[in-house]
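Nothing in this text is a laboratory measurement; each read-out follows from the coordinates by a stated rule. Please read these numbers as outputs of a predicted model, since none were measured by experiment. With ideal geometry, Cβ positions are generated from the backbone for all residues, glycine too; neighbour counts draw on all protein chains shown.
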Amino acid sequence: MVATARGGREWFTLEHRRLAVDDDNFLVVNEGRPHAAVIRSDTEVQSFKIFFRAGLVDEVLGALVLPVDRLLEADEPSVRAGIEFSEGLRSHDRLVSPVLAYICHQALGGCDDAAWFDEQLSYLLERLLLGHRQIMRRIQAMPCARPGTRREIHRRVVLAIDYIESCYEHSIDLETLARVACLSKFHFLRAFRSLHGMTPQDYLQRKRAYVAKRLLTTTTLPTAEVALRVGYSSPTSLRKQVRQWIGAAPADIRSRANEPNPIASPLRHRLSAILASE
């Protein structure tokens with residue numbers, strides 16, 4: 001399953017942890033994994049989930065790994081790899097998110113063409129598999145001797161990412177995140193930087209800056225209130241971090257948000273920021 005939300009938070013319970021899906025991320029859950037979801041909000045929250053039919057992962061993976069010169073050897077590629085995706089929250093990206101946003105847009109627009117959805121879901125799953133391969137490469141590049149150790153450390157770092165994405169408005173320090181990941185502070189910091197190319201605090205400040213931008217864009221809350229809601233200690237911290245991660249001052253962001261733009265949406269703003277930064 002892939003889940004996304006817009007306009008607020010949808011809380012998921014996965015095993016014994018609670019995760020918040022919002023405008024900045026999407027959730028990946030493996031087939032058959034028990035989970036529950038709930039929305040508690042004073043404003044409208046748009047929730048969108050995609051469930052893949054049984055066997056589709058193997059079909060798409062088979063098409064990806066089968067050489068072109070062998071396409072006529074069988075009617076259907078036969079692959080039974082039992083892929084287990086890395087479960088948890090992922091920041092919107094250039095690989096999966098544009099396809100996910102397009103399917104969501106068409107579904108909400110009333111599209112009911114089953115053949116079209118089957119085609120697009122196969123394409124989305126292909127992107128998820130390519131993303132899975134990128135994650136596996138990062139795991140393999142970690143400075144650990146045993147493959148099982150690398151995978152377990154990655155799983156624990158994912159727990160910390162989920163915590164940041166879900167609890168960014170609270171005070172979060174390195175010791176807290178290391179405890180969530182069940183690692184020492186030194187090993188957690190080293191593993192996090194190896195996997196994400198930034199420190200945990202940088203990841204946290206970037207997350208807060210994106211949420212702050214969204215609040216500045218979609219609400220009339222005073223800057224001081226926005227700062228408190230996303231976890232900044234003061235409006236000065238808000239201005240500094242938003243300028244660093246978004247590249248614009250809060251006043252400029254709010255000014256541009258008031259300009260007419262009928263097709264704008266929080267997810268579009270988030271994806272535009274990604275495309276502009278790469």
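In this calculation the C-beta distance from THR218 to THR13 is compared with R0 = 25 Å, giving a FRET efficiency of 0.40. The residues LEU238, LEU228, when put in order of fewest to most other Cβ atoms within 10 Å, stand as LEU228, LEU238. If R0 is 22 Å, the Cβ-Cβ spacing of ALA141 and LEU95 corresponds to a FRET efficiency of close to 0.75. Report, to the nearest 10°, how far helix 266-277 tilts away from the longest principal axis of the Cα atoms in the chain, using its own Cα long axis and a range of 0 to 90°. Between the helix axis and the principal axis of the chain, the angle is about 80 degrees. Distance between the modelled labels on ARG193 and TRP116, one decimal in nanometres: 4.9 nm (7 Å Cα→Cβ projection).
Once you reduce the stretch 154-191 and the stretch 29-65 to the center of their Cα atoms, the two points are 25 Å from each other. Counting lysine pairs in the chain that sit 8 or more residues apart in sequence, or on different chains, and whose Cα atoms lie under 23 Å apart gives 4. Note on ASP173 and GLU225: their simple-model spin labels are 3.1 nm apart, each label 7 Å out from Cα toward Cβ. Once P(r) over Cα pairs in 10 Å bins from 0, in percent is calculated for the structure shown, the corresponding label among (1) 6, 26, 34, 23, 9, 2, 0; (2) 7, 29, 35, 19, 7, 2, 0; (3) 7, 29, 29, 19, 13, 4, 0 turns out to be (1).
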